[in-house]
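To start, the structure itself, in structure tokens.
The values are calculated or read from the model by the stated rules, or taken from the named source; none is laboratory data. Computed from a predicted model, the values in this text were never measured in an experiment. Positions of Cβ are generated from backbone atoms using ideal geometry, with glycine treated the same way; all protein chains shown enter the neighbour counts. Side chains included, ligands, DNA and RNA excluded: accessible areas come from the protein's heavy atoms. Shrake-Rupley method; radii C 1.70, N 1.55, O 1.52, S 1.80 Å.
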Amino acid sequence: FVFSFFQPENLQKNWLREFYQVVHAHKPHFMALHCQEFGGKNYEASMSHVDKFVKELLSSDAMKDYNRARVYLDENYKSQEHFTALGSFYFLHESLKNIYQFDFKAKKYKKVTGKEIYSDTLESTPMLEKEKFPQDYFPECKWSRKGFIRTRWCITDCAFDLVNIHLFHDASNLIAWETSPSVYSGIRHKALGYVLDRIIDQRFEKVSYFVFGDFNFRLDAKAVVETLCAKATMQTVRAADTNEVVKLIFRESDNDRKVMLQLEKKLFDYFNQDVFRDNNGTALLEFDRELSVFKDRLYELDISFPPSYPYSEDSSQGKQYMNTRCPAWCDRILMSHSAKELILKSENDEKIVIYDHIGPNVCMGDHKPVFLSFRIAAGAGKPIASVHKCCVVQ
């Protein structure tokens, strides 16, 4: 699963209920749950919510058959140089035997038993690699909580990396609109390339990998606006003192010059949100171009759910987008081409691989969690491989 956090307490119940329904429906044997912005913007004030959430997940009736767990929470919010606000949860079903996790310092696998939580000591935990992006990657060189956490697992001879990632957002709709591709997509491209290079470098044996989290991938803003407002005229509004462009207004040429779109730094107010919801926003997928640069390195299943961000945080508006950003598929589950080969192809019409979002009609916060459920061939394709069902949630 992939999801961004942290919602106010009243949303937590919704979130967990929808999450448990997915667990119940798919009954995964191994489950990975990746969170970004864990604790929200005001981390110190949210710590009690974080603790409550973790305790609820580990002790809930819905998760009672998962007798082993590993929880990694980056709570070191006083360290600007290291803090990523990432949270990675891994749950192992009691029916799974012989699960091993890789120790990156000892360079060997260790059998997973019991339930363990690691929080403010991630830097010294040998069972993961955590990095924050170098400061010169950050737009305007201001620190924000962007980086990745990597863990490595082995289930009946099948080894793979799970990488929790959070990439840079678009700071301004106006700047994103200026060029195609945007300056922000270039920064994300550089950061994702850094992560992929890092996880396949020479330090460790190469294994298949899944990278999932909030990539902040956006639609090509210039192309989207030109398509949505093809027959509109544009009015530019400038600040009186600096002459800087502060607003763009797109109006229909006729029809009483009705306003179609208003664009500001943090405003994307399009008159008809249905275009992002109808048929799961499929008409806009052609503008989702950021992954194309990595097609030789990364694979993604076909997207069949609407843009995962930015949803209204009003608990009564489960399907409504906020008018702050152009809706986009920010939350994704990607994999190496070798990982794609691990996922069993269905031998009949049964849909074994499912890539979807959670809580389509319920307020889950500003991001809808995304999940991938699949069966993995243990032994990585050995002739008599047993089969286990996996679920990763972004």
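Assorted remarks:
- Of Phe271, Phe89, the order by accessible heavy-atom surface (1.4 Å probe, DNA, RNA and ligands excluded), from most exposed downward, is Phe271, Phe89.
- Potential lengthening between Phe204 and Ala230 on full extension [0.36 nm per residue; Cα-Cα distance subtracted]: 4.3 nm
- Each of Asn164, Thr227, Val362 was scored by the projection of its Cα onto the charge dipole of the chain, and the greatest displacement toward the positive side belongs to Asn164; charges sit on the C-beta of Lys, Arg, Asp and Glu.
- Cα gyration tensor shape of segment 39-100, rounded if a/c is under 1.5, else prolate or oblate by comparing a/b with b/c: oblate
- Accessible area of the chain divided out per residue, in Å², using a probe of 1.4 angstrom: 44
- Here segment 114-212 is treated as a sphere whose radius is the Kirkwood value from Cα pairs; by Stokes-Einstein at 10 °C and 1.306 mPa s it diffuses with a coefficient of 103 µm²/s.
- Segment Lys52-Arg17, extension gain: residue separation times 0.36 nm, minus the distance between their alpha carbons: 11.1 nm
- Between Tyr299, Tyr90, Tyr194, the Gaussian network model of the chain with springs among Cα atoms under 10 angstrom shows the greatest mean-square fluctuation at Tyr194.
- Gln273-Glu244 FRET efficiency (beta carbon distance; Förster radius 35 Å; 0.05 resolution): 0.75
- The overall shape of segment 236-296 is oblate: from the C-alpha gyration tensor, with semi-axes ordered a ≥ b ≥ c, the ratio a/c is 1.5 or greater and a/b is no larger than b/c.
- Full-stretch length increase - Lys115, Val353 - with 0.36 nm per residue and alpha-carbon distance subtracted: 82.9 nm
- Centre separation in Å (Cα based) which lies between segment 95-111 and segment 229-283: 53
- Crossing angle, helix 9-26 versus the chain [Cα axis fit, 0-90 degrees, rounded to tens]: 60
- Under 13 Å, Cβ to Cβ, from Tyr43 - net charge with Lys/Arg +1 and Asp/Glu -1: -3
- By definition, a body whose alpha carbon gyration tensor gives a ≥ b ≥ c is oblate when a/c is 1.5 or more and a/b is not larger than b/c, and segment 20-132 fits this oblate description.
- Using R0 = 51 Å, the C-beta based FRET efficiency linking Val362 and Lys107 works out to 0.70.
- Pairwise FRET efficiency - Ser338 versus Ser95, Cβ, R0 = 25 Å, nearest 0.05: 0.45
- Check: the chain dipole with +1 on Lys, Arg Cβ and -1 on Asp, Glu Cβ, in debye: 980
- Exposed GluC sites (Glu not before Pro) absent: longest stretch of the chain, with sites in DSSP loops and at most 12 other Cβ within 10 Å deemed exposed: 95-204
- Residue order for Lys340, Lys111 - accessible surface, 1.4 angstrom probe, largest first: Lys111, Lys340
- Against the chain, whose longest principal axis is taken from its Cα atoms, helix 183-199 shows a tilt of about 10°.
- Here segment 196-323 has 44 percent of its accessible surface on carbon and sulfur atoms, given a 1.4 Å probe and all protein chains in place.
- In summary, the convex hull built on the alpha carbon positions of the chain has an orientation-averaged projected area of 21.0 nm².
- 22 Å tail of the calculated P(r), segment 183-324, as % of Cα pairs: 54
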